[in-house]
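Participant: Quick one: the structure is below, and I'll ask about it shortly.
The values are calculated or read from the model by the stated rules, or taken from the named source; none is laboratory data. Keep in mind that what you see is a predicted model, and the values were worked out from it rather than measured. Cβ coordinates were reconstructed from backbone atoms using ideal geometry, including for glycine residues, and neighbour counts include every protein chain displayed. Note: accessible area is taken over every heavy atom of the protein model, side chains too, but ligands, DNA and RNA are not part of it. Shrake-Rupley method; radii C 1.70, N 1.55, O 1.52, S 1.80 Å.
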Amino acid sequence: MPLFRSCYRMFAFFLFIALFCTTSRTASAQFRRAAALKRQAGMTPLTNGIEVQSGDLRMKIIALRDDVLRVTYTRGNSFPEDASWAVLPGARKSSVSVSLDNNKDQVGFSTHALIVKVDRTTLELTVLDPGGNVLQQDARPIRFDGQAFQISKKMPLDEHYFGLGDKTGPLDRRNEAFTLWNTDAYGFQESTDPIYKSIPYFMTYRAGHVMGVLLDNTWRSSFDFGKQFPDAYSFGAVAGPVDYYLFYGPSAKQVVETYAWLTGTPPLPPLWAFGFQQSRYSYMSQARVLEVANRLRDDAIPADAIYLDIDFQENNRPFTVNKAAFPDLVGMIEQLHAKDFHIVAITDLHIANLPGQNYHAFDSGMAGDHFVKNADGSVYTGRVWPGPSVFPDFTRKQTRAWWGTLYRELHNAGVDGFWNDMNEPSVFDTPTHTIPEDAVHRIDDPEFAPRTATHAEIHNVYGMENSRATFEGAKTLDPDIRPFVLTRATYAGGQRYAATWSGDNSSSWNHLRLANPMIENLGLSGFAFSGADVGGYASNPTPELLTRWIEVAAFQPIDRDHAEKAKADQEPWVGGPEQEAIRRHFIETRYQLMPYLYTLADEASRTGLPMVRPLFLEFPNAAPDGHPIDIDLPASGEFMLGSDLLIASAPYPEENAPYPVEFPSSGWYNFWTGEKVALPIPATAATSDPLAVLGRDAQFSVQVTPELSQLPVFVRAGSILPIAPVVQSTREIPQGPLTLRVYPGDGCSGELYKDDGKSYALQQGVYLRMNFTCQRNAEGMRLNISSHEGSYPAWWKEVHFEIYGFKPKAGEILVNGKKISASMDSGPQALSFVLEDDGKGEVIEIQ
């Protein structure tokens, strides 16, 4: 019995402990739930979203459109001012009604395109599509560290990231991290960061479903795509508003167009901006500029622009002229205009600090109180090319207007375009190589409440506002002429004012390889009109490198050969007649494609779609698993020019070894020969029909062997390309017919846009637009040529048709139902004939 009682007492003791622990756990869980309930967010419904509060943290999510959300946070009683340097007022004020959807754990709403859920306790955000598929999900609650903040999102293994402008590295940002702080990055390399621009926008791409993310914060910011944590990406800033936009496609094209709706489309530049441009730091004299221009014309190398770098100025002072080296600037420009050249002059923003020396830019700026201040109220001075310099305060509307007036003398001298360099801003004698962060700007702009701001807040928009002042100033001086402005530094929305380039690159094969993804990501980030210094800016290219670069750049938006001081010459004739002949051929090809290029430029100005595009923008379903095929090594050197041309430069252009061209679909033609690309037949195929094996959208590759004189270029089946005769400049009227190259295939179509290439008369209907379609049928082929829309006259009287991959049975042509006697030439690859174009449109049947 004593043993039994002892065991019973032990059993009772452990039972008590177990019951106590169970009760304690239950009580603890109930306590935690109670504490969580106290922390749970309070929700205020809005007609276009919700406002949620948890403690001192408030979160607002509103729907600007069914597919566009704006997310803001505050730790105070009020949200930040509703103002933006990037996002257009019309977009910010847009609104749609939402349907609320709340439960005990979550609050949220839905639109026709998106479902929004916010955790009541943590304020973590989840966005889904109407089918319940997660598009984006917070990985953890927003984190604050003083004024700094970080937003973290879950990162699926199969998600990819594109954007942020012209950052270095691969096209895909996954496994990379970046800082946005505009920086003069001379000699940058593949791993250099930050560089010249701050475009805090990217797109997430997962199995063809795409969402855009724009962080509208001008302070130093950071973006980490799995570099720190493999399961999360993050973005944030050191200070400033927590204000970001989410917008859903589902296609990448839709996201790009929505980004343009938010931040603006690029205005259509003058036609000459798409011609070949020759530049150098610097052409040191008037005689040298004329020598280069004459050589271009004597050697029949088409060109449209010559640049004047800082040495055309007196002691590098903006808005002055070096009279010793350029004794007759006006006369020089008149000679260049007579040869159909346009002149682009550099105008850096650092104004030499020269009191009492009759320097108008400085004197008028001081009189108008237009310069950035130190914290003590004195004018800030930093050393740049002219020596001690002062810096315009472009956050003031009146300062931007004053800056525009400084262009009057250059405009009157005949200068056609303006180049804003060094506008990060670059400063030589500070530890940060820019204006100190405590310098003071005075915001005085219609979109903002008047206030002061430190340079830490304004730095990343400073270059954009510089180009804005230049663009607006040029329009004021000549309201009917479309300005051309080229800027090095900018911010989201800067495409409204200027084209851009990728900065001071190097003459290396690596930098030629870097140029493609930089231009592609710039295009995805709003800058449809961009380029890289052809041949490289720093160091000397080999003849082969310069040739390869000129070949690729012929198919990019801005085609400018530019080189730094003290390096060897880099004009197209350098390296001997054989190299020059190859380069001339590719520049001529660019001018033949000018109708196509300018039509793409018009499309970009209306929609925001870039001229140069990654393959996934046109072929989101190319890969069986939906990944963007541009991230595959064989396709890493490839890009699309518009929707119809695939340029397949080598992934390692310095190698002469064969390489595969990866095609995103099955129907392609060789641009140079017109031959249809033969599909490879898998060894296991039981049929001789490759389409039956691969399927219409199947991905495939072919092997090519590189030759210096060749660049593989292909045309998508279903394209109709407008082609012009070769000219020496865009001011020259082409002689001969317009050529339409027809490549039969599904959805066969094409377009042509033309205007006077310089004015705003297009806004009054003075333009020419044509659309083309083709269909194959049992009898032959049917071509539909639209009537001429708009009042601008065509330069051609006839259209030369070249039809590839098609042989008629009877050899007959009917125009608008009537048989005509036009002769057809049947070559090895193309059928060709010529018809008059009266502008009324035709239906052409070929039997």
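Participant: What whole number of Å gives the distance from the Cα centroid of region 778-810 to the Cα centroid of region 615-654?
Facilitator: Region 615-654 and region 778-810 have Cα centres separated by 30 Å.
Participant: Using only Cα atoms, what is the ratio of the radius of gyration of region 267-336 to 2.2 N^0.38 Å?
Facilitator: Numbers: Rg = 12.9 Å, N = 70, 2.2 N^0.38 = 11.1 Å.
Normalised by 2.2 N^0.38 Å, the Cα Rg of region 267-336 equals 1.17.
Participant: Let me ask something else. Region 522-566: which trypsin sites (Lys or Arg not before Pro) are DSSP loop and have at most 15 other beta-carbon atoms within 10 angstrom?
Facilitator: Those that pass, being in a loop and sparsely packed, are Lys565.
Participant: With θ set to phi - 60° and the Karplus curve 6.51 cos²θ - 1.76 cosθ + 1.60, what are the ³J(HN,Hα) couplings of region 347-364 in order, to the nearest whole Hz, using x for Gly and Pro?
Facilitator: Result, rounded to whole Hz: 9, 5, 8, 7, 8, 4, 7, 10, x, x, 10, 6, 9, 4, 4, 6, 4, 6.
Participant: Keeping all protein chains in place, calculate the accessible area per residue for region 57-142 (probe 1.4 angstrom), answer in Å².
Facilitator: Working: 3560 Å² over 86 residues.
Here the residues of region 57-142 average 41 Å² of exposed surface.
Participant: Here's a follow-up. With a point put 7 Å past each Cα toward its Cβ, work out how far Lys154 is from Trp795 in nm, to one decimal.
Facilitator: The answer from the label model is 5.7 nm.
Participant: Evaluate the Kirkwood expression for the hydrodynamic radius of region 43-142, namely the inverse of the mean inverse distance over all pairs of different C-alpha atoms, and round to one decimal in Å.
Facilitator: It is 14.0 Å.
Participant: Can you give me the Rg/Rh ratio for region 404-544, using Cα atoms for both radii and the Kirkwood formula for Rh?
Facilitator: 1.01
Participant: Using only Cα atoms, what is the ratio of the radius of gyration of region 501-639 to 2.2 N^0.38 Å? Write down the numbers at each step before the final one.
Facilitator: Details: Rg = 15.8 Å, N = 139, 2.2 N^0.38 = 14.3 Å.
For region 501-639, the normalised Cα radius of gyration comes out at 1.10.
Participant: What pairs in Lys60/Lys153; Lys676/Lys754; Lys93/Lys373; Lys475/Lys840; Lys167/Lys227 have C-alpha atoms more than 26 Å from each other?
Facilitator: As for pairs spanning more than 26 Å Cα to Cα, those are Lys676/Lys754; Lys93/Lys373; Lys475/Lys840.
Participant: Still on this model: If you add up the charges near Phe639, with Lys and Arg at +1 and Asp and Glu at -1, over every other residue whose beta carbon is less than 10 angstrom from its beta carbon, what do you get?
Facilitator: Result for the neighbourhood of Phe639: -2.
Participant: What's the local net charge at Tyr248, with K and R +1, D and E -1, over the other residues with C-beta under 11 Å away?
Facilitator: On the way: positive: Arg65; negative: Asp66, Asp67, Asp129.
That sum, taken over residues with Cβ under 11 Å, equals -2.
Participant: Now a separate question. How many nm is it between the label spots at Lys104 and Asp298, if each spot is 7 Å from the Cα in line with the beta carbon?
Facilitator: Between Lys104 and Asp298, the label points sit 8.9 nm apart.
Participant: What nm value, rounded to one decimal, do you get for the distance between Val702 and His585 when each label is placed 7 Å out toward the C-beta?
Facilitator: Each label point is offset 7 Å from its Cα along the Cβ direction, giving 1.8 nm.
Participant: Here's a follow-up. Give me the Kirkwood hydrodynamic radius of region 718-775 in Å, from all C-alpha pairs, to one decimal place?
Facilitator: Result for region 718-775 stands at 13.1 Å.
Participant: Which whole-number percent is the relative contact order of region 693-847 (Cα, under 8 Å, 6+ apart)? Don't skip to the end; give the middle numbers.
Facilitator: On the way: 298 pairs, mean separation 31.5, N = 155.
Dividing the mean separation by the residue count of region 693-847 yields 20 percent.
Participant: What is the calculated FRET efficiency for Thr430 to Val134, with r their C-beta to C-beta distance and R₀ = 35 Å, to the nearest 0.05? If you can, show how the numbers build up before the last one.
Facilitator: Details: r = 46 Å, r/R0 = 1.31.
Calculated transfer efficiency: 0.15.
Participant: Just the number please: accessible area per residue for region 305-410, 1.4 Å probe, all protein chains included, in Å².
Facilitator: In whole numbers, region 305-410 has 38 Å² accessible per residue.
Participant: What whole-number value in cubic angstrom gives the convex hull volume per residue for the C-alpha atoms of region 177-330?
Facilitator: Per-residue hull volume (Cα only) is 204 Å³.
Participant: Would region 283-382 count as rounded, prolate or oblate if I go by the C-alpha gyration tensor, calling it rounded below 1.5 in a/c and otherwise prolate when a/b exceeds b/c, oblate otherwise?
Facilitator: The shape class here is prolate.
Participant: Over the chain, what relative contact order in percent results from Cα pairs under 8 Å that are six or more residues apart?
Facilitator: That works out to 9 percent.
Participant: Continuing with this model, one more query. Let me have the relative contact order for region 473-551, percent, based on Cα pairs under 8 Å that are six or more residues apart.
Facilitator: Numbers: 96 pairs, mean separation 22.6, N = 79.
In percent, rounded to a whole number, it is 29.
Participant: Using the Kirkwood radius built from alpha carbon pairs, what does the Stokes-Einstein equation give as D for the chain at 4 °C and 1.567 mPa s, in µm² per second?
Facilitator: Working: Rh = 29.3 Å.
Reported coefficient: 44 µm²/s.
Participant: Also, I was wondering about something else. Taking amide H positions as placed 1.01 Å from N in the peptide plane, with prolines and chain starts having none, which residues 5 or more places from Asn322, or on another chain, fall under 5 Å of its amide H?
Facilitator: It is Gln313, Glu314, by chain and number.
Participant: May I pose another question? Expressed as a whole percent, how much of the Cα-Cα distance distribution for region 338-487 exceeds 25 Å?
Facilitator: Percentage above 25 Å: 26.
Participant: Pop out the carbon and sulfur fraction of the accessible area of the chain as a percent, whole number, probe 1.4 Å.
Facilitator: Carbon and sulfur atoms account for 53 percent of the accessible area of the chain.
Participant: With θ set to phi - 60° and the Karplus curve 6.51 cos²θ - 1.76 cosθ + 1.60, what are the ³J(HN,Hα) couplings of region 373-382 in order, to the nearest whole Hz, using x for Gly and Pro?
Facilitator: 10, 6, 4, 8, x, 6, 6, 6, 10, x
Participant: So if we plug the beta-carbon distance of Ala822 and Met284 into 1/(1 + (r/R0)^6) with R0 = 41 Å, what FRET efficiency do we get, rounded to 0.05? Before the final figure, lay out each step's value.
Facilitator: On the way: r = 56 Å, r/R0 = 1.37.
Efficiency, rounded to the nearest 0.05: 0.15.
Participant: Roughly how many debye, to the nearest 20, is the charge dipole of region 712-759 about its Cα centre, given +1 on each Lys and Arg Cβ, -1 on each Asp and Glu Cβ, and no other charges?
Facilitator: Details: 5 positive and 5 negative charges, 21 e Å.
Approximately 100 debye in magnitude.
Participant: Please give the calculated 222 nm ellipticity per residue for the chain, where each DSSP H segment of at least 4 residues contributes -39500 (n - 2.57) and the sum is spread over every residue; nearest 500 deg cm²/dmol?
Facilitator: Taken over the chain, the calculation gives -7000 deg cm²/dmol.
Participant: Starting at the first residue of region 422-429, write each ³J(HN,Hα) from the Karplus equation 6.51 cos²θ - 1.76 cosθ + 1.60 with θ = phi - 60°, in whole Hz, x for Gly and Pro.
Facilitator: After applying 6.51 cos²θ - 1.76 cosθ + 1.60, I find 6, 9, 5, x, 8, 9, 7, 10 Hz.
Participant: In addition: Rolling a 1.4 Å sphere over the protein heavy atoms, what is the accessible area per residue of region 592-631, to the nearest Å²?
Facilitator: Details: 990 Å² over 40 residues.
So region 592-631 comes to 25 Å² accessible per residue, rounded to a whole number.
Participant: For Lys475, Lys227, Lys797, write out the residues from largest to smallest accessible area, computed with a 1.4 angstrom probe and no ligands counted.
Facilitator: Lys797, Lys227, Lys475
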